[in-house]
Structures are given as structure tokens and as C-alpha cells.
1. Over chain A, what is the relative contact order in percent, taking alpha-carbon pairs closer than 8 angstrom and at least six residues apart?
2. Rounded to whole Å, give me the distance from the Cα center of segment B:99-166 to that of segment A:249-286.
3. Over segment A:6-173, what relative contact order in percent results from Cα pairs under 8 Å that are six or more residues apart?
4. Go ahead and set up a Gaussian network model of chain B, Cα springs under 10 Å, then flag whichever of B:18, B:63, B:30 fluctuates most.
5. Can you say what percent of the DSSP beta bridges in chain A, counting only those with both residues inside, are antiparallel? Round to 5.
6. Only bridges with both residues in segment A:369-541 count here: give the DSSP antiparallel percent, nearest 5.
7. Within 10 Å of each residue's Cβ, count the other Cβ atoms and sort A:543, B:80, B:102, A:375 from fewest upward.
8. Given springs between every Cα pair under 10 Å in a Gaussian network model of chain B, which of B:124, B:97, B:134 has the largest fluctuation?
């Protein structure tokens, strides 16, 4: 054995350091123990956060990745450790979040024998990963990690899983780290076709009522400045998807609101009145489009998209501009005429005023006694920092927070969009906060979702991550209850919750906590929370049976959006 | 719905076939036949998939297959634009070999590729319709076993895989 040889487990850790990983989230166990042993030697270079469940580790890595733009890293052991990552992998896959997950695996001579804590994690995780691999030899560890990081962060980002057998971790090998710079079956750079830009510009320059829909692709491509420049020159109104929020400040004059099932009234209604629809880095999710047969049929669609598999998947387009929207938006900005659309903009204003009067005002400044979720977010807006990060779980509170939170900066929106994973918020907020303790991270959760991963309060306690947790408690699985009310004759089947004393739980974790149930106490409580140095738990008891509007019911068209 | 041949040019890595087939199973689309072999370039595999679907669906399948990291290129063709062949083997008891069967073998251009004390094995290459026709006839001759391969195919257009493998 040469002196230069090191253990596979050390190769794992040194490879992560070589990839500039600063922090990893994980949970130890038998098959990953050699890596944990190695971590002990490198804790000054690579911080490890011990979560209370592997699902917490991967959601934390997702939160970290979404806020930082870097690759999130998590590690787990074989068998149950690995299977507990699956929800997070599926979530990261559908929301294009760059992750590298490392799992331990039983020794290679035991593979396929139903050994203790053996599971076919490469098989199980295949549909939920951008790429995965099993490493059985020490010499393959570093190349696999290099390739994994490259795949996770390049092109359309996504999660990667690397399963490493225990013998590969304990065997000795040379360590010469070579980062991956590309390989033949995977092309990340798509040059923009000039003819597509010309066609798109031609349509836009002829348009009377053009309309931009932007999604997370703008954030992932770092194209916020290009989007803004394009909108300012072209004068086109723009609406965002759930994950597109933050790509353009909501204070921008071209910003007209949010799309989809619980988006704003005008952006949904006017989708069916525009003549040119310019989709930028978004994938026409069914929660955005409603009934596809009645979606923007009058419009010619221009689709700026990096992933060829998204073109014509849900909505047929007239012009596809393949490639990074950072490149295509810049070219398109140069090719379009400077313009304004005052009449068309006025239509958005007119419908927005209707929404304000019927939905927004009663939500934000209610006159009835019970607290609304909307007024809580309204108060948060008053005191939050411009670059505060909002992390939400899934359900009514998610839609209300999204509707009313005032997004001003990119990468301030962290939520489970595509998969709709309840239990996402608390660990994701921890991960987001671990990236930067100086940023405000506000975690809004419901009483259902928080109980799916409430154990991560322990991780918040141990790391002292100053996450501000706002629990909107209506003692219901609110979104399901809303659907039961609207579509199932108010048959509230298993949606009412008998909840624990959340304040006691938070205090048991040594987290400062406060409960608010009347309007007069709300403002001060939110101020107290946001100025508090350290983690904080604020429970707000809200109206039990409030609904989220506007709403496009399943199977309805965007123009059938209901205000009540 | 039409019959299409999908070609997938891929790196030879473990699990790649699984990654491809789950794209079909996810949408509930049946693969009619599948063959995999090494291509004429070392380390590069070629998978041929026969599927019955609408063209829109096939385009989406091909796009999603091509998105797989280790897939180099995927494309699809209608039956008219590929030259394809399948091979079928038929096991017949020796006791049923007679002049009638000999005539059938000649007519169908089949050949005997193995003769054992108890049985003979006939081979026929062709399109499915041809191998199926012989199958129906041989059922009347005490057919013991039958096996048919998936389609092997080459495209009619003059484009080689070298252009994708740089």
C-alpha cells in the first residue's frame, strides 16, 4: 500500500470539500459509519448538521440549495435511511433543485442477499433522480461524486443519488480529485437559434396584447436582470408561477400578479385574452393552466425553455426558443421594439381592483372577529426585511402566504411546488437558515404539515438557527377541508385535528414561543418575533373554516376563476 | 395510434434499460418489443423499441428518453422509414416431419437449424406477419415451443451514429 492512499470514506469527504460543499445534512447508521468517522477529522472544513430524520436532512438540503443556488448535500445510511430520502428526491426532481445525496450500502459481497438494512436504493430512487449510481470500488468514488455534482447543478438542475458500498468506504485508494467538465451523452449548453429569436421578435412586435408568464427557470438560469430588461423595453405585462415568485420584484410596474389555481384574478382571466403568450422558464403545470382544452387557445405561444422535453408537452407552441433564458431573453430584448400597452395594462388593473375589493381587502383588513391567515402575512410584510426568505409548507397557508407575501428579491421563495410535500417547510427553513444566519427566514406552516416533521425543532434547537416559525393553526387540514366544503357536500371526512399544545412543544425544545388568538395582539407579536435574536415560534389561532380565493376548480378553465 | 420504432443510442451503463422502460410504464404504455445490443462502436449500445402509440406521445417519449443522462441520442421512425427484421424459432416433434411439412418449410423460406432425435428447430426471419403466418400453420404440426425476437432495425436515412458520438 502506497503512503498516499487514503480510505474510501476520506475520499468521500475530501471530494465534497473539493466541490466547495460547506455544509451537509445527514443522519448516521451502520453502512455509512466509515464516512461519519471520516467527517470527524474534517469538521473544521465541512460542517455537518444532524437532523432528526433523513427526510429532514434532504428537505434541509433542498432549502439550502434553493436559497444559495448551490448544490445541497445530504447523507444517510442504507435501507431505511435511504428510503427516507425518497420523498425529498421526488420533490427536488419535480422542482429542479440541485442535490447530491450520498447513501451507504451494505458491503458489495452482500448485495442482492437481503442483508441487514439492504435495499435496492438505486432501483427505488431511479424515477426520482436526475441521475444515480452505485459505487462498489474505492477508485470509482471520486469520479462518481465529481460527475454527480456536475449533473446536479448543470442544465436543468436536479437531484443525484450516489450509493456507496461499505467496502468501498473502508478500502484504500489514491485521491486525485478531478472535477467533471462534461461528457458526451450530456449536453448542457444549447446555443440559441437566431431564427427562433427572429420569429419570436416578429410575433411580439406585431402583438396587441402580449403577455409574459415566468417561472423558476428565470431564477435557476440567473436571468432576473435579463427578464427585467426585456419587460422594460417591450412594455409587456408579466405574471409569475408559484416558483417564479421573486424573479421580478412585485413592486415592478410590469408585474401583474400570480398564475394558477389560487393565483390572482386578472392574470388568470387575461390568459385567455392575450394574443401572444410568452412563457419563460415555466412548464405549464396543470395547477397553472387548468383545463388545457380551454387554455389560451386564442394566443400564439412562444416558449423560452432549457429542457427540450418541456416543449409541446402540455401546451403547443408556435415558436420554441431552446436554451437558457438568460441568453434568449438578452437576444430577444435586442430584437423587440420599445413599446407600451396602456389599454392592455388597464385591463389588468381593472380586474385586479375587483379582486382587491372582493377578496384581498376582506383577507388583509377583516372586519369579522376571527383572525385571517392573510392579515398575518400582511403584518409580516410590514416588518420583514426586503430580502427575507419565506419558506412555506403545503396547503391553505401556503397559497395565502404566496398570495400576500411581498417578494422583492430572487431566491426568497422556498416551497414545495410540484410535489406538494407536507412537512417540507420546517426542515427546509432550517436548511435555508444554515446558509446564512444573518438573513431573515420566515417559516409559515399549518397545524397539519408541521406535525409531519415537527421533530426538526430539535435540529433548530441544536444549531440555534434563528428560524422564525409562524404556525397558522385552524385545527383542520384546511385545504382538504375547503375541497370537502366545496366539492364533497361539506362531508368533513378525517380533516379535523385535535392538536397538542404547540407552545409547550416549542418550549420543550427551548425555543421561545408565543400564542396569539386576538387581532389586537398580532402586530406586536410579529414585531417581537422578527426582532428576536434566535429561533422563535409564533402560533396564531386563525378562523377555522376560511377558504382560499380566487380559485380555479379542477377541470375548469382559467377564465372560470372564482372570487368566492 | 400507429406502430413506431424508437432507436436509443446509449452508453453501456448498468440500469440504463430500467431508466428507459420506466418512462413507458409511467404513462401506462406497453412496449411491443425491445432489443438491446452493442453498436458497431465500442462501449455504445443501441436499443430498439417497438411501440404502438400516437405520434405526439412518441415525440414526448423520445424527448424524455433523450433527457436521461447516459442516453446519447434517441429518435423515432414510422415502419416505412426503417428496414427491420425479426427472427422466430419453432420446435416441432420429429414424428410430425413429413412431405407436407417439408413443402411448407420451402414455401416460407424457413430452414432447419437443429435436428435432435425427438425434435427439429425451424428458423424463419421476416416481419411479424410472416413469422405469425408460419406459426399458425405449425400449430397443426404439434408445435412444441415458439420464440420470436424483438425487432432489429436500421433507419433508411443516411445518418450515422458517429455524428452524435463526439
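Where a number appears in this text, it was derived from the coordinates with a stated rule and is not lab data. Note that the structure is a prediction, hence the values are computed from the model and not measured. Cβ coordinates were reconstructed from backbone atoms using ideal geometry, including for glycine residues, and neighbour counts include every protein chain displayed.
1. Details: 1278 pairs, mean separation 80.0, N = 564.
For chain A, the relative contact order is 14 percent.
2. Here the two parts' Cα centres lie 58 Å apart.
3. Numbers: 375 pairs, mean separation 47.1, N = 168.
Reported as a whole number, the value is 28 percent.
4. Highest fluctuation among the options: B:18.
5. Values: 6 of 71 bridges.
Around 10 percent antiparallel, to the nearest 5.
6. On the way: 1 of 23 bridges.
The antiparallel proportion sits near 5 percent.
7. On the way: A:543 15, B:80 6, B:102 11, A:375 21.
Neighbour counts put them in this order, fewest first: B:80, B:102, A:543, A:375.
8. B:97
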